[in-house]
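Written out below as C-alpha cells is the structure these notes cover.
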Amino acid sequence: MIGGPLHKLDVAGRSLAPTAMTVMLLLVNLAPSHMTGYERVAPSFALMSIYYWTIHRPDLLPMSVVFVIGLLQDLLGGGPLGLNALVLIMVQWTVLSQRGFFLSSTFPMLWLGFVVVVAGAAFVLWLAASIASFELVAIDAPVIQGLLTLALFPLMAWLLILAHRAFLHQI
Amino acid sequence: MLVKARAARPATRLTALKGVVQRFSFLFLILVSITLMIFGRIDAIGVESMRARVMDAFEPILDAISTPAATVARFVEIIADVTEVYRQNQELRTENARLQQWKQVVLRLEAENNSLRSLLRFKPDPAASFISARVIAVPGGSFLRSVIVAAGRRDGLRKGQAVIAGSGLVGRVVEVGEWSARILLVTDISARVPVLLEGSRQRAVLAGDNSSQPRLLYLPPDSQVAVGDRVVTSGHGGQFPSGLPVGVVSQVGERQIRVHSLVNLSRIEHVQIVDFGLPGGLVVEDPLGGVMR
C-alpha cells in the first residue's frame, strides 16, 4: 500500500497537522473565557506551537504558512494588519537560525530559548503599540502575559509531543 | 573516495541554494508585512472590509468554540454561586424592596415629565430599539480591547452604534460583516466617549488606556469630582445617544480620574446594540480627534 494514492493522501493529511494545530490553538485563544481580566493576559498558544514545530518539523510549517497564520491573527484580533505576521516570521527566523542548538539540547534549554522568543515578541508588539498610540503604553499586562505563556509552555509542549507522536511518527 | 566527494558536491550546493531561498523569502515576507501595515494605515476601509469577510468566514467556528467555553464557565460559576445563595437571596430581597419604592418614584416623575413636556412642546429623542447578540470571541493581547459578536449587517448593525450590556455602556461597533461584527470596548486605548458627570452636568471625555478602568480627560481644573459620581454619555458629537450609563468615578487623583465600568467587561456573554436611528458617521472615522471638534 505504501506509495499508493491512499497512502499519499494519508501522508498529506498528516503533514497538515502542525498547521492545523496552530490555527486551532489561535482560535481557541479567541474563545471568551469569562474570567475577569484574563483576556488582557491570555497566553499565546499559537506562539508556543510555532516555536515547537519550527524546532522539530520546520519542513511542515513553512515560513509562508506562518506568515498567513500571523495575518489571520491580525485580521481576527483587530490589531494593525501585518504586525503579528511580522512578529511570527521573525520568531521563526530566529529559531531556525539556532535550530541545530535547540535540537541537541535538553528541555530546560528549550524552555530558556522560549524565554528569549517570548520577550522578543512582546517587545516588538509593545513597541508597535507605543508607536501607534504616540505614548509608551503600560507594560504590566504584556509582562504577565509573557510569564503566563512561559509557565504554560511545558504543558503545551507535552500536548504537542503527544500530537507529534500520534500524527507524524512515521513521516 | 572520489565518487563520494562528487556525490556530496551537488548536495552541498542544494543546501546552500535552499539557504539563499529561505533568506530571500524571509526578507520578502518581512517587506510584505511592513507594506501591509502601511497599506492598512492608508486604505483603512479596504482593510476593514477584508477583516469583516474573514470574521464572517470564521464566525461558525468561533461560535462553536465559544459555546463549550461558556458552558464550562457557567458550571464553575454555578458551583461558586451555590455557596452564596442564601446571602444573595437576602441581599436581593432588600434590593427588591428598595427598587419597588424607586419604581413608584419613577412612575410619578415620568407622568410629571410628560405633562411638562406637553406644556413646552418638547420633541423627544426617537425611541431606541435594541439588537441582542452573543459574544463569540474575545481577542486576547495586552494592547487591544475588542470583542466579536454573532450579529451583523443582516441583523441591522451599523458602524458607530453604541453597545450596552446589562446596565452600562460597553463600547461601539467598529467593523460590520454580514453576520458578525467587532465591538471596540471603552477600555481600548483608542476609545473616546463624550460623557457627562451626572450630578454636576460637567462635560468630559472618557478615554481608554487598555487598563480595566478608563480615564476622564478634559475636565476643567476647578470641577468638583468625587468618588462615586455617576458618569453617563453626553450625546455630544452625535454618535451616541445621551444619558446611557457608563460607570462611576472610582479614583480621583492629582493626575488622573478613573472610572469603574458598570459592566464587568471580561465577562460579557451577550450585548445589546442600541439603534437610535441617529445619523452616524460624523465623527466615527476619527476616534482620537473627532470628539474634540
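Just how far, in whole angstrom, is region A:109-171 from region B:247-263 if you go by their alpha carbon centroids? Comparing the Cα centres of region B:247-263 and region A:109-171, I get a distance of 33 Å.
Once you order the gyration tensor axes a ≥ b ≥ c over the Cα atoms, which shape class does region B:34-109 get: rounded for a/c under 1.5, otherwise prolate or oblate by comparing a/b with b/c? Since a/c reaches 1.5 but b/c is at least a/b, the shape of region B:34-109 is classed as oblate. When the square roots of the Cα gyration tensor eigenvalues are ordered a ≥ b ≥ c, the ratio a/c for region B:115-214 is 1.5 or more and a/b does not exceed b/c, which makes its shape oblate. The chymotrypsin sites (Phe, Trp or Tyr not before Pro) of region A:88-145 that meet both conditions, a loop assignment by DSSP and at most 11 other Cβ atoms within 10 Å of the site Cβ, are A:134.
The alpha-carbon of residue A:8 sits under 18 angstrom from the alpha-carbons of these aspartates and glutamates, leaving out residues fewer than 8 places away in its chain: A:59. Each residue in B:50, B:55, B:37 was given a count of other beta-carbon atoms within 10 angstrom of its own, and listing them fewest first yields B:50, B:37, B:55.
As a footprinting exposure proxy, order B:201, B:158 by other Cβ within 10 Å, with the fewest listed first.
Going from sparsest to densest Cβ surroundings: B:201, B:158.
Across q = 0.10 Å⁻¹, the protein assembly as shown modelled as identical point scatterers on its alpha-carbon atoms has Debye log10 I(q)/I(0) values of -0.83, in the order of the q list. Would you please give the FRET efficiency between residue A:104 and residue A:133, computed as 1/(1 + (r/R0)^6) with r the Cβ-Cβ distance and R0 = 51 Å, to the nearest 0.05? My answer for the efficiency is 0.75. Placing R0 at 60 angstrom, the Cβ-Cβ distance between residue A:166 and residue B:106 gives a FRET efficiency of 0.45 after rounding to 0.05. In terms of surrounding Cβ atoms within a 10 Å radius of their Cβ, A:35, A:90, A:48 rank from fewest to most as A:35, A:90, A:48. Taking the C-alpha atoms only, the angle from helix B:44-82 to the longest principal axis of chain B is near 70 degrees.
Approximating the spin labels as points 7 Å out from Cα along Cα→Cβ, the residue B:63-to-residue B:121 distance works out to 5.0 nm. Within 10 Å of the Cβ of each residue in B:22-35, the mean number of Cβ atoms contributed by other protein chains is 5. Seen against the Cα atoms of chain B and their longest principal axis, helix B:85-120 is set at about 70 degrees.
Entry note, chain A: relative contact order of 27 percent, from Cα contacts under 8 Å with a spacing of 6+ residues. Shape analysis of chain B places it in the prolate category; the axes a ≥ b ≥ c from the Cα gyration tensor give an a/c of at least 1.5, with a/b above b/c. Each residue of region A:130-145 was assigned a 3J(HN,Hα) from its phi angle through the Karplus expression (A = 6.51, B = -1.76, C = 1.60, θ = phi - 60°), giving 5, 5, 5, 9, 6, 8, 6, 6, 4, 9, 4, 5, x, 5, 5, 4 Hz with x at Gly and Pro.
In this structure, the amide hydrogen of residue B:247, modeled 1.01 Å from its nitrogen in the peptide plane, lies closer than 5 angstrom to those of B:231, B:262, counting only residues at least 5 positions away or on a different chain.
In degrees from 0 to 90, rounded to the nearest 10, what is the angle of the helix A:83-97 Cα long axis to the longest principal axis of chain A? Its long axis makes an angle of about 50 degrees.
For region B:148-165, the Karplus equation 6.51 cos²θ - 1.76 cosθ + 1.60, evaluated at θ = phi - 60°, returns couplings of 10, 10, 8, 7, x, 4, 4, 8, x, 6, 9, 4, x, 5, 6, 10, 10, 9 Hz by residue, with Gly and Pro reported as x.
Using helices alone, what [θ] at 222 nm do you get for the protein assembly as shown, with -39,500 (n - 2.57) per DSSP H run of 4 or more residues, divided over all residues and rounded to the nearest 500? Walk me through the intermediate numbers first.
Numbers: 12 runs with 249 residues, N = 464.
My calculation for the protein assembly as shown gives -18500 deg cm²/dmol from helical runs alone.
Throughout, read-outs are computed from the coordinates displayed, never taken from laboratory work. Just so it is clear, the structure is predicted and the values come from calculations on it, not from any experiment. Cβ atoms come from the backbone with ideal geometry, glycine included; neighbour counts cover every protein chain shown.
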